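What follows is a set of notes on a single structure, which appears directly below.
The values are calculated or read from the model by the stated rules, or taken from the named source; none is laboratory data. Just so it is clear, the structure is predicted and the values come from calculations on it, not from any experiment. As a convention, Cβ positions derive from the backbone with ideal geometry for all residues, glycine included, and neighbour counts pool all protein chains shown.
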Amino acid sequence: MGLNIYLAPQGLINAQERGIYSIYAERFYEAQKYLSLTNHIYTNYVLFMNKSFWDSLPAEQQALISEVSKETIAKQRELAAKQNQEVIKDLEAKGMTVNIVPDDIRSIMKEKMNAAVYQDLRSKTGEDLFDNVIAEIERL
C-alpha cells in the first residue's frame, strides 16, 4: 500500500491511515501534506500463554509475571507517547501540517464507526466472545 501513495496521480489519494511512526519511517511526508491526529487507533500487544502452563506455575511466579507485565505495559506506553510527540515535531519540520481533531468531532466519528465495526466484529467472532471481550475492556 505504501508505494501506491507515491505512485498515485496527484490528487487521486486524499488520505491514508497509518501510524505516526510509519508515516515518518516510510517518508510519507514527501508525498502527503497533512496529518490529522484522530487517536482512533489503539495498537495493543497481547501476552499469550498456554493455560495449562500458566496453571502449572507457582502462584508467586504468576504474580511476578503479572506485575512485570503491567510495569512493561506502562513503560511502553510512556515511551510510545514520547516517540509520537518527537515524530510529530519532525514531520512538522519537514513541512507537514498536523491537524488535531477536536474531541467533539472525534466523539461523532466514534459513535458512527463503533456501531458499524461492532456489528462486523460480532458477526465474525460470535456474539458471546465479542460481548465478553467488550465487557472485559469496559471493566478495565
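Say whether the condition of being assigned by TED's automatic domain parsing to the domain that holds Asn84, loosely packed, with under 10 Cβ neighbours inside 10 Å, modelled with pLDDT of 75 or more and touching a strand residue (DSSP E or B) at 6+ places or on another chain (Cβ under 9 Å) is met by at least one residue in region 15-32.
No, that holds for no residue.
Can you go through Gln83, Gln76 and tell me which one is assigned to a helix (DSSP H, G or I) and out of contact with any helix residue (DSSP H, G or I) (no Cβ under 7 Å at 6 or more places or on another chain)?
Residue meeting the stated conditions: Gln76.
What number of residues in region 36-65 are of a type in the set (Ser, Thr, Tyr) and in contact (Cβ under 8 Å) with a residue 12 or more places away in the chain?
Residues in region 36-65 being of a type in the set (Ser, Thr, Tyr) and in contact (Cβ under 8 Å) with a residue 12 or more places away in the chain: 4 in total.
Just checking, does region 44-64 include any residue being of a type outside the set (S, T, N, Q) and closer than 28 Å to Gln16 by Cα?
Yes, region 44-64 contains a residue that is of a type outside the set (S, T, N, Q) and closer than 28 Å to Gln16 by Cα.
Looking only at residues in region 33-42 that are modelled with pLDDT of 85 or more and at negative phi, which one is surrounded by the most Cβ atoms within 10 Å (Cβ to Cβ)?
Ranking the qualifying residues of region 33-42, first place goes to Leu35.
Please work out which residue is nearest to Tyr42 (Cα to Cα), limiting yourself to region 111-132 and to residues that are surrounded by 12 or more Cβ atoms within 10 Å (Cβ to Cβ) and without any contact (Cβ under 8 Å) to a residue 12 or more places away in the chain.
The residue in question is Leu121.
So if I check each of Val117, Val98, which one is assigned to a helix (DSSP H, G or I) and modelled with pLDDT under 95?
Val117
Leu12 fails exactly one of the following numbered conditions: (1) of a type in the set (A, V, I, L, M); (2) modelled with pLDDT under 90; (3) within 28 Å of Ile108 (Cα to Cα); (4) in a helix (DSSP H, G or I). What is the number of that condition?
Exception for Leu12: condition (4).
Within region 36-57, is even one residue in a helix (DSSP H, G or I) and within 15 Å of the chain's Cα centre (by Cα)?
No, region 36-57 has no match at all.
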